[in-house]
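J.: Quick one: structure below, then a few questions.
The values are calculated or read from the model by the stated rules, or taken from the named source; none is laboratory data. What you see is a predicted model, and the numbers here were worked out from it, not measured in a lab. Reconstructed Cβ throughout: ideal geometry from the backbone, glycine too, with neighbour counts over all protein chains shown. Just so you know, the surface numbers come from the protein's heavy atoms only, side chains and all, with ligands and any DNA or RNA stripped out. Shrake-Rupley method; radii C 1.70, N 1.55, O 1.52, S 1.80 Å.
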Amino acid sequence: MDGFTLNALGLAEAPRDHPLRYPGAWPADSALLDGDRLVPLAGSLPLDRWRHEDRAPVLAVGSNASPGQLRHKMAEFAITSPIPMVRARVTGVDVGVSAHVSRMGYVSASPFEAPYTARELFVIWLDAEQLAVIDASEGVPLPHGNYRRAWLPAPEVRIELPGGVTLPGVHSYVNRHGVLHDGTGAPRTHPGQRELLTELLVGSARLRELFGVTPEEFVARARSDRHLCEAGTRLFADEKRVTESGLERYVTVQQTGSPGTASSLFPPLM
């Protein structure tokens, strides 16, 4: 039996199919996602091999670090090229809560500015076609999509790869609606889906009217109900639960291609 298959590694589930497990299972370390296999990237690689000059580095803060979710997104457009997933030490951003309800049935993650925070996250290295797929999945090409792609530059955001290699910047998806705050006005961190939904429902009678009283009810009602998700998104703003991520200033107007045709805007080469 191949021990590197996603099933064997326990990484095959996609959060889109199991919303309460969002953001899904992440790899234990740097690896190459190649179809249904996740092959470890040896820690002894030469320093320059951790960077991919012909690919775009994208910071994954939610389900884009889930191999099962990535595989599903690429399979929708018959894209089979491998994706390097490199574990990095990231300073300057933290993982917050998007101020919108996803039609996948969950409330997703979104980065926010956190100058003194350092944590381990994944950088996924995407070619032009793969980048177009992820852009489309985040709503970047749509005038009212949920995310915009931003270039987060060093030194404001420090991305340190294995061996001490640092990047001049990284792409990240910034939520158009902002992020949820913790009650003091500061962005709150994402605790995991079940805990998050429980807290949100307990804290809002109007949210319970829309989505029910349990995380399971929330997921069941939200999935694929665009109008209900939009109502939940408006409610976050109406109840003044929303603040800026602090990363909005990095968003620029971008052209994006269609999945399968390659992106019309290639990111800065490293």
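J.: Taking all protein chains in place and a 1.4 Å probe, what share, in percent, of the accessible surface of the range 28-179 do carbon and sulfur account for?
T.: 52
J.: Mind checking the per residue accessible area of the range 50-90 for me, 1.4 Å probe, whole number of Å²?
T.: For the range 50-90, the per-residue accessible area is 33 Å².
J.: Measuring from centroid to centroid over Cα atoms, what is the spacing of the range 16-34 and the range 204-257 in Å?
T.: 22
J.: Could you tell me which of Thr80, Leu161, Leu200 has its Cα farthest along the dipole of the chain towards the positive end, charges placed at Cβ (Lys, Arg +1; Asp, Glu -1), taken about the Cα centre?
T.: The residue sitting most towards the positive pole is Leu200.
J.: Follow-up question, since we're still on this one. Let's test this: bin the Cα-Cα distances of the range 1-101 at 5 Å from zero up to the farthest pair and state each bin's percent.
T.: Histogramming the range 1-101 at 5 Å steps yields 2, 11, 21, 24, 20, 14, 6, 1, 0 percent.
J.: Okay, moving on. Could the peptides 59-69, 151-161 be put in order, highest first, of the mean number of other beta-carbon atoms found within 10 Å of their residues?
T.: 59-69, 151-161
J.: Now a separate question. If the only charges are +1 at each Lys and Arg Cβ and -1 at each Asp and Glu Cβ, what is the size of the charge dipole of the range 1-122 around the Cα centre, to the nearest 20 debye?
T.: Magnitude of the dipole: close to 160 debye.
J.: Shifting gears a bit: Could you work out the pair-distance distribution P(r) of the chain from its alpha-carbon pairs, with 10 angstrom bin width and percents rounded to whole numbers?
T.: For the chain, the binned pair fractions read 7, 30, 37, 21, 5, 0 percent.
J.: Another question, then. Run the simple label-point estimate for Thr184 and Lys240 please: 7 Å along Cα→C-beta, distance reported in nm.
T.: Result: 1.8 nm between the two label points.
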